[in-house]
Amino acid sequence: MQALWQFEPEPTPGASCGAIGSRCDKLNTLAFRGTLSLPWNENFAVGRLDHDFGSKWHLSATYHYYNLQRATASQVDIGGFFPGDKLGVPTSIHKRPQQPSYYTVGLTTNITSNLTNDFHYSYLRNYWARYFTGGQGLGGPGVSQQPQLAGLGGALQPQGETSGSFAGPLQPEYTKRPHQILDGQDNLIRDDLSWIKGTHFLQFGGTYQHNFNWHLRTDNGGSVNNEIVYDLASGGGTNGNNVGSGVDMTGFVPGAISAAGGNTLKNWYREYAIALGIPSLTQVAYTRTAPNLAVQPVGAPVFDQSTIPFYNLYFSDSWRMKPTFTLTYGLGWTLEMPPNEKNGKQIVMVGPDNKPISTETYLKARENAALAGQVYNPDIGFSLVHNVAGHPKYPYNPYYKSFSPRVAAAWNPNFDSGLLGDLFGLRKTVIRGGYSILYGRLNGVALLLTTASEHGSHSACTVLQPAQEWNLFFWSDLDSKQRLPHRAYSRWLGWPGGAVNASSP
């Protein structure tokens, strides 16, 4: 702790403690305030090309370029930890670049005077990231933020994880996913045919889109990261105290503090633990990989590389039945396939029979059991998709019934006298109405980011208080024949710097 405190800048006279509130007594705990520079560099460019190949062929092409480089306040070095940083000068060490690009090519062909075809191709590159730089410029993903101090197995976090209450000179920032990348590459082909035939305007078309998404992250979707951290006085102790209840403090608690009790005693335990470096919580997330969920070294990220095909077909007719009345009708069909991860690193919730659990069926079974005065609580596990009974290709079945009917009408009344004439006028009003069923595409967060944070791809290990038990929470399968139920397993672990044998859960 002495090594850590040497990176603490001098407090700012009269500064408010902000979110720390009552924890700041202005004697033992004081506030530091400083000005943080958050540079924002943005570049944007657009190019377009149009060319006619004779009177019937028109080509157009575009290119969109965008590059945003920005620093954030998610992680700030105020202690001069890293090269180029200075003690007492806040420096951002967390970047969030965004670098999308977009190409399009279109070819319009006037086949006849009443028949036109439009062909389009586009490529979208959607790249964004958030990562810790550690004072190394664009050091980027893979730059370890551990150890925080030489000789320790992990980083010290005085007073917990969140930036609003953190008391150290450098916050590892586990609650805001310091490393996360999404690299999306989408190819789209679309063709539309328009045909004017008498009083009908007919349209036919189809779309095929091939989405490839590479997603990487270092956390388990919660507050546990893939590198070891020691929380000091973060809360959660037994006997109602924040920290220290795992240590015999007899004879060390001042009489006035003991007499005051309540929050005063809890705060004293907390400050004592912070000053001496007594951990209240030690945690790390071990990542696993397919096909056998082998445990990766500490610091290895979890990632998935998924392909998502999308198909769409449609037909539409705008029929001018009368000069004042037009009927439009059509039918569309959409199919978005489930994501297919390159190495099968997708997690499926299964029952004791190793078959996927249907939420509707599960809840109905619980309801029926409750009405009969019984309990329905089967073991629940999580298996890799290819280890599920039947070895399916996808984590859920495709839905092939996304038919989208559409009907609409437009009426242009031509009353030239009377009450209706005064109300609607002579072709001055259009009354429209319609009905349709639409099927949208799923958000990429549900398709990719969620699956990368499921149980099985991580083993989140948590040590609760010194010299006590630690809990290894994991829900995963080792192969198609061995599935672990949805439970927590415990064993003793020394602290700090103790090793976890996570290869044999």
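Restricting the first member to the stretch 91-116 and to residues that are within 30 Å of Gly34 (Cβ to Cβ) and in a loop (DSSP other than H, G, I, E, B), and the second to residues that are basic (Lys, Arg) and at pLDDT below 95, the beta-carbon pairs closer than 8 Å and six or more apart or on different chains are Arg96/Arg70; Arg96/Arg130; Pro97/Arg70. Scanning the stretch 320-353 for residues that are out of contact with any His (no Cβ under 9 Å at 6 or more places or on another chain), in a loop (DSSP other than H, G, I, E, B), open to solvent by less than 20 Å² (accessible area, probe 1.4 Å) and more than 27 Å from Arg190 (Cα to Cα) gives a single hit, Gly351. Look at (1) under 37 Å from the mean Cα position of the chain (by Cα); (2) open to solvent by less than 60 Å² (accessible area, probe 1.4 Å); (3) at pLDDT below 80 and you find that Ala294 fails only one, number (3). Give me the pairs: first residue in the stretch 313-338 and farther than 21 Å from Phe403 by Cβ, second residue at pLDDT 95 or above and outside any strand (DSSP E or B), beta-carbon distance under 6 Å, and six or more apart or on different chains, which are they? The qualifying pairs are Arg320/Thr199. Of the set (1) part of a loop (DSSP other than H, G, I, E, B); (2) closer than 27 Å to Gly440 by Cβ; (3) not acidic (Asp, Glu), all apply to Pro378 but (2). Among the criteria (1) over 30 Å from Leu193 (Cα atoms); (2) among the polar types (S, T, N, Q); (3) modelled with pLDDT of 95 or more, the one Thr72 does not fulfil is (3).
Scanning for something modelled with pLDDT of 75 or more and under 30 Å from Leu281 (Cα atoms), does the stretch 460-472 turn up at least one residue? Yes, the conditions are met somewhere in the stretch 460-472.
Candidates Gly47, Gly34: the one that is exposed (fewer than 15 other Cβ atoms within 10 Å of the Cβ) and part of a loop (DSSP other than H, G, I, E, B) is Gly34.
Yes/no matrix, rows are residues, columns are (1) assigned to a strand (DSSP E or B); (2) in contact with a Pro (Cβ under 8 Å, 6 or more places away or on another chain); (3) at pLDDT 90 or above; (4) open to solvent by 30 Å² or more (accessible area, probe 1.4 Å):
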{"residue": "Phe382", "(1), (2), (3), (4)": "yes, no, no, no"}
{"residue": "His386", "(1), (2), (3), (4)": "no, yes, no, yes"}
{"residue": "Gly390", "(1), (2), (3), (4)": "no, no, yes, yes"}
{"residue": "Tyr396", "(1), (2), (3), (4)": "no, yes, no, yes"}
{"residue": "Tyr400", "(1), (2), (3), (4)": "no, no, yes, yes"}
{"residue": "Ala409", "(1), (2), (3), (4)": "yes, no, yes, yes"}
{"residue": "Asp416", "(1), (2), (3), (4)": "no, no, no, yes"}
{"residue": "Leu419", "(1), (2), (3), (4)": "no, no, no, yes"}
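For Phe81, state whether it is more than 24 Å from Tyr131 (Cα to Cα) and in contact (Cβ under 8 Å) with a residue 60 or more places away in the chain. It is false that Phe81 is more than 24 Å from Tyr131 (Cα to Cα) and in contact (Cβ under 8 Å) with a residue 60 or more places away in the chain.
Selection of strands (runs of 3 or more DSSP E) fully inside the stretch 150-227 by the criterion of at least 2 residues being at pLDDT 80 or above, of a type in the set (D, E, K, R) and surrounded by fewer than 20 Cβ atoms within 10 Å (Cβ to Cβ) returns 180-197.
Taken as a whole, the structure places Ala61 among residues that are among the aliphatic types (A, V, I, L, M) and without any contact (Cβ under 8 Å) to a residue 60 or more places away in the chain. Condition check for Thr29 on (1) within 30 Å of Glu271 (Cβ to Cβ); (2) open to solvent by 60 Å² or more (accessible area, probe 1.4 Å): one failure, at (2). Tallying residues that are in contact with a strand residue (DSSP E or B) (Cβ under 6 Å, 6 or more places away or on another chain) and farther than 30 Å from Asn340 by Cα within the stretch 390-425 yields 8. On the basis of being surrounded by 15 or more Cβ atoms within 10 Å (Cβ to Cβ), of a type in the set (Gly, Ala, Ser) and either in contact with a Cys (Cβ under 6 Å, 6 or more places away or on another chain) or modelled with pLDDT of 90 or more (or both), does Gly106 make the cut? Considered against the rule, which asks whether it is surrounded by 15 or more Cβ atoms within 10 Å (Cβ to Cβ), of a type in the set (Gly, Ala, Ser) and either in contact with a Cys (Cβ under 6 Å, 6 or more places away or on another chain) or modelled with pLDDT of 90 or more (or both), Gly106 comes out as yes.
Checked against the criteria, Lys342 does not count as within 30 Å of Lys428 (Cβ to Cβ) and at pLDDT below 95.
Scanning the stretch 50-103 for residues that are within 28 Å of Gln209 (Cβ to Cβ), of a type in the set (Ser, Thr, Tyr) and open to solvent by 30 Å² or more (accessible area, probe 1.4 Å) yields a count of 5. In the stretch 1-31, what residues are at pLDDT 85 or above and more than 23 Å from Tyr230 (Cα to Cα)? Correct list: Glu10, Pro11, Thr12, Pro13.
Would you check if Asp317 is loosely packed, with under 13 Cβ neighbours inside 10 Å and among the charged types (D, E, K, R)? So Asp317 does not fit the description; no.
Within the stretch 273-290, the presence of at least one residue that is surrounded by 21 or more Cβ atoms within 10 Å (Cβ to Cβ) and assigned to a helix (DSSP H, G or I) is confirmed. Take the conditions (1) in a strand (DSSP E or B); (2) within 19 Å of the chain's Cα centre (by Cα); (3) small (Gly, Ala, Ser); Ala300 misses just one of them, which is (1).
The values are calculated or read from the model by the stated rules, or taken from the named source; none is laboratory data. What you see is a predicted model; the values in this text were computed from it and never measured. When we count neighbours, we look across all protein chains shown, and the Cβ atoms used for this are built from the backbone with ideal geometry, even at glycine. Please note that ligands, DNA and RNA were not included when accessible areas were found on the heavy atoms of the full protein model with its side chains. Shrake-Rupley method; radii C 1.70, N 1.55, O 1.52, S 1.80 Å.
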